[in-house]
Each structure stands twice: as C-alpha cells, then as structure tokens.
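**Q** Below is a structure I'd like to ask you about.
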Amino acid sequence: MAVCFIRKKQALWLAVVFALAALAALSQAGVEPTPVLKVRYVPDGDTIMLRDGTLVRYIGVDSPETAKKYSSSQPFAQKARSANQKLVKNGVRLEYGPELLDHYERTLAYVYTDDGVFVNAQMLRLGLAWCLFVAPNTDRFDKLLAVQRLAMDEGQGIWANLDKSAGPVVGNPRSMRFHLPEHYAPTKNARLFNSVWDAFYDGYAPCATCLPDWQTTKWPKK
Ligand SMILES: [Zn+2]
C-alpha cells in the first residue's frame, strides 16, 4: 500500500512538472494569441492600456513621446497616438516574445487588431515609429525592419522630415543603438554611419541619453 501511494504521488508530481513545462514552452513561443481584449486608453504610439489596467508596450518599435509633465510632445507624437487609437479601437489580440515584462512591469507584446492587422508593423508602415532592438524579444526584428525600410523609401511620416545628410553617428552593433560621436568611444566593432538615415536603415535606434530628441537635434553643417 505504502509503495503504491508513493508512486501515485510521484506520478502526480511528474504530471504537474510536465504541464508547467508545456505551458512555459507555449507562452515562450507565443503561438497562442490571446482572445480579443478591449483597450481602455492609448497614451502614445507604442503603448496601450487594456480595460483591466494592464499596460502593454509594443515589442520591437519606438514612437515619439507625447507631452509629459516637464516636456512637450515630440514631432509626430500626436499623429502616432491617433493612428494607434484608430488601429486598436475594436480591441486587440496579443502574442508574446520570450520576455513577458519590461523593467517598468509593462507587458511586452506583438499586438494585432481584431481583424488581424499587425499593429507594431503598421505603426512602422505609417512612418510613425522606428525599430527598437531589445533582446531577447528579437525574433520578428528582421520583419519589422523590412517594413520600416519601405516607409523610409516612400518618405512616410517622420522620414519625410529627416534630413538625409544629418550625422555622423556611431553605432554599437551589440545594443543596436547609435550615438553622437562624442558620446561613444568606438570599439573595433563599431559601425560608423555618415548619416542618421543610414543608421536607421540598418535597424539602429537613437541612444536615449545623447539623442533623446533626435528629430529636432541641430546637426553641424557639412
Ligand atoms: Zn549616446
């Protein structure tokens, strides 16, 4: 009897362990999108608040900042926010990358409209966001960059306003961020870009410290 009891207990534990592992694998792969979730509020072009209060930050993209207490809106911030509002008005389905939360505890997601439009990519397509590489959620980065390039080639949104000769900047290929030359001592792997345009075209994003307002930065005349 005693032996039988232990075996049953072991079997139960094994079943629990397997179920948890299967669940973890599923959420990591992000194969199962959520049901349609209602959106309560849209603060900007790369974030939404769900009806239950969850803040969702879009994976792989960054959008101009809307006005905060001590700063005014960046160019195209209101356009980005309205475009996002329009896209998510009927609710969203979420898919996840390997990392579920960022350091502000926001949920990181690939966001789809109720009828299947990939919102992260659509914001890029409209030229109202740019690619932002953040490991480990990088599995769809190449796809997103291809969409950004299309918007750049067509001069959509922010790309119409970007001076193609603005620069130079230095890229760190590990972080995929570009900096003002004086803010980054190039290592041997650094990428030297003649222009901000070229850095964006290769999937680099501006450093938040030295180029927080890259759209309005005054570049030296060449
Ligand atoms: Zn920098």
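The values are calculated or read from the model by the stated rules, or taken from the named source; none is laboratory data. What you see is a predicted model; the values in this text were computed from it and never measured. Don't worry about glycine lacking a Cβ; one is built from the backbone with ideal geometry, like all the others, and counts go over all protein chains shown.
**Q** Would you confirm, using the coordinates I've provided, whether Ala160 is free of Cβ contacts under 8 Å to residues at least 60 places away in the same chain and surrounded by fewer than 16 Cβ atoms within 10 Å (Cβ to Cβ)?
**A** yes
**Q** Starting from region 177-189, keep only residues that are without any contact (Cβ under 8 Å) to a residue 12 or more places away in the chain, then list their pairs with residues that are more than 8 Å from the ligand (Cβ to nearest atom) and assigned to a strand (DSSP E or B) whose Cβ atoms are within a distance under 9 Å, requiring at least 6 positions of separation or different chains.
**A** Within 9 Å, the pairs are Ala185/Val170.
**Q** Please verify whether Pro98 is under 23 Å from Pro212 (Cα atoms), surrounded by fewer than 16 Cβ atoms within 10 Å (Cβ to Cβ), in contact (Cβ under 8 Å) with a residue 60 or more places away in the chain and not hydrophobic (A, V, I, L, M, F, W, C), treating the condition exactly as stated.
**A** Criteria not met by Pro98.
**Q** Go through region 184-222 and give me each residue that's surrounded by 13 or more Cβ atoms within 10 Å (Cβ to Cβ) and assigned to a helix (DSSP H, G or I).
**A** Within region 184-222, Val196, Trp197, Asp198, Ala199, Phe200, Tyr201, Trp214, Gln215 qualify.
**Q** Next up: Among (1) farther than 25 Å from Pro35 by Cα; (2) buried (at least 19 other Cβ atoms within 10 Å of the Cβ); (3) modelled with pLDDT of 95 or more, where does Leu124 come up short?
**A** Condition (1) is where Leu124 drops out.
**Q** Restricting the search to region 128-157, which residues are of a type in the set (Lys, Arg), in contact (Cβ under 8 Å) with a residue 40 or more places away in the chain and not in a loop (DSSP other than H, G, I, E, B)? Lay out the reasoning, then the answer.
**A** If we filter region 128-157 for residues that are of a type in the set (Lys, Arg), which is where we start, we get 140, 143, 149.
Keeping just the survivors that are in contact (Cβ under 8 Å) with a residue 40 or more places away in the chain gives 140, 149.
Once the filter is applied, which keeps residues that are of a type in the set (Lys, Arg), in contact (Cβ under 8 Å) with a residue 40 or more places away in the chain and not in a loop (DSSP other than H, G, I, E, B), region 128-157 yields only Arg149.
**Q** Report yes if some residue within region 167-176 is part of a loop (DSSP other than H, G, I, E, B) and within 12 Å of the ligand (Cβ to nearest atom); otherwise report no.
**A** Yes.
**Q** Failed condition for Asn137, given (1) away from the ligand (no atom under 14 Å from the Cβ); (2) outside the structural domain of Ala121 (by TED's automatic domain parsing), with all others met?
**A** Asn137 satisfies every listed condition except (2).
**Q** Here is a follow-up. Give region 50-78 a look and list any residue that's closer than 20 Å to Asp114 by Cα and part of a loop (DSSP other than H, G, I, E, B), or say none.
**A** Arg51, Asp52, Gly53, Thr54, Ile59
**Q** So, one more: Being under 23 Å from Arg149 (Cβ atoms) and either assigned to a loop (DSSP other than H, G, I, E, B) or outside the structural domain of Met49 (by TED's automatic domain parsing) (or both) is the filter here, so list the residues in region 79-127 that pass it.
**A** Across region 79-127, the qualifying residues are Gly97, Gly116, Val117, Leu126, Gly127.
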